[in-house]
Structures are given as C-alpha cells and as structure tokens.
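Just passing along the structure, written as structure tokens.
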Amino acid sequence: MKIYADNAATTKMSRTAIEAMLPYMSEIYGNPSSLHSEGQAAAEALSDARERIAKRLGCTAREIIFTSGGSEADNQAIITAAKMGEKKGKKHIVSTAFEHHAVLHALEALEKQGFEVTLLDIHDNGIVTADDVKNAIRPDTCLVTVMYANNEIGTVQPIGEIGAVCREAGVLFHTDAVQAAGHLEIDVIKENIDMLSLSAHKFHGPKGIGVLYAKKGIILQNLIYGGAQERGKRAGTENIPAIMGMAAAFDEACDKIEANSAKLCKLRDRLIEGLLSIPHSILNGDAEKRLPGNVNVCFEGIEGESLLLLLDDKGVAASSGSACTSGSLDPSHVLLALGRPHEVAHGSLRLSLCEENTAEEVEYIIEAVRDVVSLLRGMSPVWRDLESGKKEFILK
Amino acid sequence: MALYSEKVMDHFRNPRNVGVIENADGVGEVGNAKCGDIMKIYLKIENDVIVDVKFETFGCGSAIASSSMATEMIKGKPISEALGLTNKAVTEALDGLPAQKIHCSVLAEEAVKSAVKDYYDKNGIIYDCKLFHDCATCEHCHH
Ligand SMILES: Cc1ncc(COP(=O)(O)O)c(C=O)c1O
C-alpha cells in the first residue's frame, strides 16, 4: 500500500490543473508583453486567470500580482509594509512565534536593519487571539502579520477578528494564507485583510507559483527589478502555464471547499482518535479550529525521524518536527512555541490528508503508526526509564 | 529514501543486538533526550573479552544504525580492541553517513567507551583517564 499523507508539504497536481497548463506550453506560448497575436492570446489568458483568482479572494484583479510562490509573496508583503512604515518613522512589527520561516526569517532580516519585532506567544491550543494582537500594537507599529492557518499543527487563527483590530488601529495587516487558500473560505474585504500570500502547490496546483494580494493604495516594494510585468512590481516574463494551472486548481479547490471539508474532517477526526489511543500521546493544536486535513501528534519516548523512515517502509509518507528532520539542532519552533518540551517535540508526527485519501487508508495508517511506535519504544532507553518509573511521563 | 546508504538502512531496519543485559558488567549511557538522541550499551565481560553486548537507542535512523554497527564491531573482541573503536570506523563500516549525522557515530564510540569505563570503575581496575574524555558529544547540543 502507498499512502501519501504529507499534503501540507505539497500536493499532487489535479488533472484539471495539468490540463489547464498544457495548451500554454505548446500552442499559446507567446510572451504576454508581445504585440503580435500569439503574445496577445497569452496576455488574454493571463488577464482571465487574474480575474478568476481575484474573484475567489473577493478583491479586484488589479490588487493581485503573481509571484514565484508563498515565500516570495511573504517577503514582498513584509518588506513593502516595512518600507511604508519606515517613511513615517514606524519601525515596529507584530507577528507570532509560529509563523513559517518565510515570514520569521524576513522579520529577522528587518531586525538587523533596526526594526523591532514582537512575536506573540501562542496559547496552549495553538491559537493567538485578537486581544493578544491588540495589546501588542503600539503607535509605531507598521505591520501585523499572522498566518491564516499553521503549516505544522494546522490551527486556524481568528483572522477576521485580528483584521478588525488592525483596521481600528490603522495598522497594515498581512496574512500568510498558504495553508488555508483553497481549503477554507477567504474573503479579504470581510476579514479586513490588507495583504495575503498564497501558493498553488498546496491546493493541487503547480509548484513555483503564487499570489500576493495587496489592497488598493498599497505601493508594493519590488524584490525583483526589470521589465514592466505585474504593473512593474515583479519583473520577469510571466510563467503562464503555471499561472493557468494555479487558476484552474484554485477554482476547483474553492468550488469543493465544503464537500472536501466535510469529508476530510471525518477522516481527520478518526485518525486523531486512532492515534490518541496509543498511550502517552497528545494532539498538537486545537481539536476543532484546525485545517480539515491536519493531524499532528507527539508520542513520548521516541524520535520522529526513525518514525518517518519506518512509516515510509510501510508505504506511508508523513512528516515530523524532530530536530533530525528539521535539519537543525532544535525540534520544530512551532512545537516549542506550543510549549512542548524538547524531548516530546522530537517525537512528533504530522499527517496531512487530502480529499483523495480514504477511510481504509486512515485505518491502515493508525495500525502502521501503532506498530512503529511500539517497535521504537521497545528499543528506546527513554521509554524503559519511563515505563519502569525511573522517570515521570510528561504525556499522561 | 536515499538519505542513507543501504548499510545504514539495513542496520536501522534490522538492528543487531537490541535489548538489555540483566546484571551487565558495564553499562554506558550517552547523549540526552533534549538533543534527540540517547544511546545505552550493556556489556558482558569475561577474561577481558566482550562476550555479549546489547544496546537501546532513542534517536534517528542513523543513531540506531550506528549503535547496531558498533555492537557488532565489538562483540567477541577483547576490551582493548573495543576501546580502539573510532567513530570513523563505525561510519566507514556503514558505508558513510550524511555530514549532519556524523555525531551519531561519535555517540556510538562514546557509548562503548562509557560502558567499558563503568566496568573498570565497578571492578576497581586502574586506567588512564585520558582514555575517556567527558561527553564531548554534547558540544553539538546547546541546551
Ligand atoms: C505557511 C506557509 N508559508 C509559506 C510557505 C512557502 O511557500 P512556497 O513553497 O510556495 O514558497 C509554505 C510552504 O512551504 C507554508 O506552509
């Protein structure tokens, strides 16, 4: 059996998306900046894709630009707000401790340039509140950036409420909606979102393409200078095939949000229930305010990388926040922000489902995880100390 | 996953000498759970020869494979040879480790040494302290 349960890392492209791309590689391959009809056909497609995506977000076509993905959109949004703030002498930014590195590292770079950053702690359920944001905003705050949904623990933030707080305080509000777009209903007007990032490969679109929405009146700061593409705010010949694939994937995903969510929440909840029946385990993040496909659990006494390798042997593709898999010395900053001690955070497992996963697969995963956890615990000196009572369990 | 060599995967999937020796003559435990790896090695020693060895490891694939390989390399060998086991030898026997995983082989070397030291201490055997430098492994860990 082969089960892909790492959809938060990336997704398989949908048939619809692939087919939407094909004509733009072989037939309509012109450069949208060219005057001839080949070029104009591409320009028309580009404009159509922009309209469709804008409509889904509740904004106008002029308010979105295409980027190389979520990371670029996050960077451009943050640097734009910083430049705008700097002009008014406002050099304070509010964000959270569990943002994606595309946001955190952009903020670190700004700190080196004299900006001050407040990273809000998340609560035990993996959520920040509008009040937390409100209390952190200062007269010199130029930006609040809070992710729509977390990529590791899947918790969904109260974006509408945070947007309202920012609007009242007159502070720009950006949200990294990479994990939410195509999975949750988003309305930039209702939710008072000034800037938003999304990335096609998280909703069955192609990799290397994304969107930055910036509300009318925000003058974007270029990261890439050159030609006049994207109203001069992002140079480079447009990746038309990818943009068409993204537009098709986004339409498809948005049309199916309700149906997918109903199906996924059921699978997710069964998976959580099954995994938590393994002793000394805990769910990371709120059980309800989470992405429909996200499951993230810690198991005491084992380490995540060996868990992933053995699951891979059983045909299950998953992910973990252990140090060994994060490529750094520390386990995931998200699990640490959630208050998990290092030794527990090392034993984390993220399974992220999509609508193609089935109830049978979920049962298979539960059994596979149960087997692997017990195998690894059987050879773990940490587990022996816990079981023999020499050390106390952290997860009861 | 091509992260590891076939050898590493073999020792990870089918680790040799997993377990505990009751009333072991020497026990060594190195690493810490905060850093994500702990190795524990148990030795049964007769006439200065390691007649049996078992290990328990909490850690990533290469940590488990390194401890498995190290136990194979010292089983049936005189103590003097076990003390000569280097992390380099463990790494080579595994057909290499990714650069960021070399510390796993260092842990394995130190777990063996620590178990021998425990045996010496328990039996009042005099040894040269320079044989055992204290937990250099934790340099990679900053907690
Ligand atoms: C929350 C979040 N933000 C940003 C990114 C980066 O997106 P991309 O891979 O398109 O650069 C990702 C995905 O890796 C993500 O999950």
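Any read-out appearing in this document is the output of simple, stated calculations on the displayed coordinates, not a laboratory observation. Treat the numbers as computed from the prediction; the structure is a model and nothing was measured. Quick reminder, even Gly has a Cβ in these numbers, built from the backbone with ideal geometry, and neighbours come from all protein chains shown.
Hey, if you put +1 on the Cβ of every Lys and Arg and -1 on every Asp and Glu Cβ in the stretch A:280-396, which of A:349, A:395, A:308 ends up farthest toward the positive end of that dipole?
A:395
Another question, then. Peptides B:76-84, A:331-339, A:147-155: what's the order by average Cβ count within 10 Å, highest mean first?
Values: B:76-84: 15.3, A:331-339: 23.6, A:147-155: 26.7.
So the order, starting with the most tightly packed, is A:147-155, A:331-339, B:76-84.
Averaged across the residues of B:51-63, what count of C-beta atoms belonging to other chains lies within 10 Å of each residue's C-beta? All intermediate terms of the calculation are to be shown ahead of the outcome.
Values: counts 0, 0, 0, 1, 2, 8, 7, 16, 12, 13, 8, 4, 4.
Counting other chains' Cβ atoms within 10 Å and averaging over B:51-63 gives 6.
If you don't mind, there's one more thing I want to ask. Over what distance in Å are the Cα centres of the stretch A:296-325 and the stretch A:176-227 separated?
Distance between centres, Cα-based: 31 Å.
Would you look at the GNM of chain A, springs on alpha carbons closer than 10 Å, and say which of A:51, A:38, A:99 moves the most?
Per the Cα network of chain A with a 10 Å cutoff, A:38 tops the list.
A follow-up question, please. Can you return the aspartates and glutamates within cross-link range of residue A:391? Criterion is Cα-Cα under 20 Å, with same-chain partners fewer than 8 residues away left out.
Hits, sequence-local ones excluded: A:300, A:303, A:343, B:22, B:29, B:37, B:56.
Turning to a different aspect of this structure: Calculate the mean, over all residues of peptide A:307-314, of how many other protein chain Cβ atoms lie within 10 angstrom of the residue's Cβ.
On the way: counts 2, 3, 11, 3, 0, 1, 4, 0.
Taking all residues of A:307-314 together, the mean is 3.
Something else now. If the only charges are +1 at each Lys and Arg Cβ and -1 at each Asp and Glu Cβ, what is the size of the charge dipole of chain B around the Cα centre, to the nearest 20 debye? Let's see the in-between values first.
Values: 15 positive and 21 negative charges, 45 e Å.
Dipole size: approximately 220 debye.
Projecting each Cα onto the charge dipole of chain A (Lys/Arg +1, Asp/Glu -1 at the beta carbon, about the Cα centre), which of A:275, A:92, A:198 comes out farthest on the positive side?
My answer, from the dipole projection, is A:92.
Now a separate question. Going by Cα centres, the stretch B:1-54 and the stretch A:60-139 are how many Å apart?
Going from one Cα centre to the other spans 47 Å.
For a distance above 21 Å, tell me the whole-number percent of Cα pairs in the stretch B:6-137 that qualify. Show your work: numbers first, answer last.
Details: 2779 of 8646 pairs.
Roughly 32 percent, rounded to a whole number.
Taking each residue in B:14-24, count the Cβ atoms of any other chain within 10 Å of its Cβ, then average. What number comes out? List each step's numbers first, then the result.
Working: counts 0, 2, 0, 0, 3, 2, 3, 0, 0, 0, 0.
What the average comes to for B:14-24 is 1.
Within the stretch A:122-141, list the residues whose amide N lies under 16 Å from a label point set 7 Å along Cα→Cβ of residue A:288.
The answer is A:125-127.
Which listed residue (B:106, A:102, A:372) has the Cα farthest towards the positive end of the charge dipole for the protein assembly as shown, taking +1 on Lys and Arg C-beta and -1 on Asp and Glu C-beta about the Cα centre?
Result: A:102.
Here is a follow-up. Please work out the Cα center distance from the stretch B:96-131 to the stretch A:278-293, rounded to the nearest Å.
Centre-to-centre distance over Cα atoms comes out at 40 Å.
How large is log10 I(q)/I(0) at q = 0.07, 0.08, 0.12 Å⁻¹ when the Debye formula is applied to the Cα atoms of the protein assembly as shown, each weighted equally and without solvent?
Result of the Debye calculation: -0.48, -0.61, -1.09.
If r is the Cβ-Cβ distance from residue A:396 to residue A:48 and R0 is 51 Å, what FRET efficiency results, to the nearest 0.05? Working shown, then result.
Working: r = 56 Å, r/R0 = 1.09.
After rounding, the FRET efficiency stands at 0.35.
Could you calculate the FRET efficiency of residue A:19 with residue A:109 from 1/(1 + (r/R0)^6), where r is the beta carbon distance between them and R0 is 56 Å, rounded to 0.05? Could you put the intermediate results ahead of the total?
On the way: r = 40 Å, r/R0 = 0.71.
For residue A:19 and residue A:109, the calculated efficiency is 0.90.
About the Cα centre, and with charges only on the beta carbon of Lys, Arg (+1) and Asp, Glu (-1), how big is the dipole of the protein assembly as shown? Nearest 20 debye, please.
Values: 56 positive and 76 negative charges, 215 e Å.
Magnitude of the dipole: close to 1040 debye.
Which order do the peptides B:118-128, B:41-51 come out in when sorted by mean C-beta neighbours inside 10 angstrom, highest first? Don't skip to the answer; put the middle values down first.
Numbers: B:118-128: 12.0, B:41-51: 17.9.
Order by mean packing, descending: B:41-51, B:118-128.
With respect to the cross-link table entries A:88/A:216; A:314/B:88; A:256/A:289; B:88/B:113; A:314/B:7, which display a Cα-Cα separation exceeding 21 Å?
Long pairs (Cα-Cα over 21 Å): A:314/B:88.
Go through the stretch A:222-309 and name the GluC sites (Glu not before Pro) that are in a DSSP coil and have 11 or fewer other Cβ atoms within 10 Å of their Cβ.
Values: sites: A:230, A:238, A:252, A:258, A:273, A:288, A:300, A:303, A:305; in loops: A:238, A:288, A:300, A:303.
Answer by residue number: A:288.
For the pair residue A:231/residue A:31, report the inter-label distance in nm, with labels modelled 7 Å from Cα in the Cβ direction.
For residue A:231 paired with residue A:31, the spin-label model returns 2.3 nm.
Oh, and also: In whole percent, what relative contact order does chain B give with Cα contacts below 8 Å and a gap of six or more residues? Write out the running numbers ahead of the final one.
On the way: 262 pairs, mean separation 40.0, N = 143.
Computed over chain B, the figure is 28 percent.
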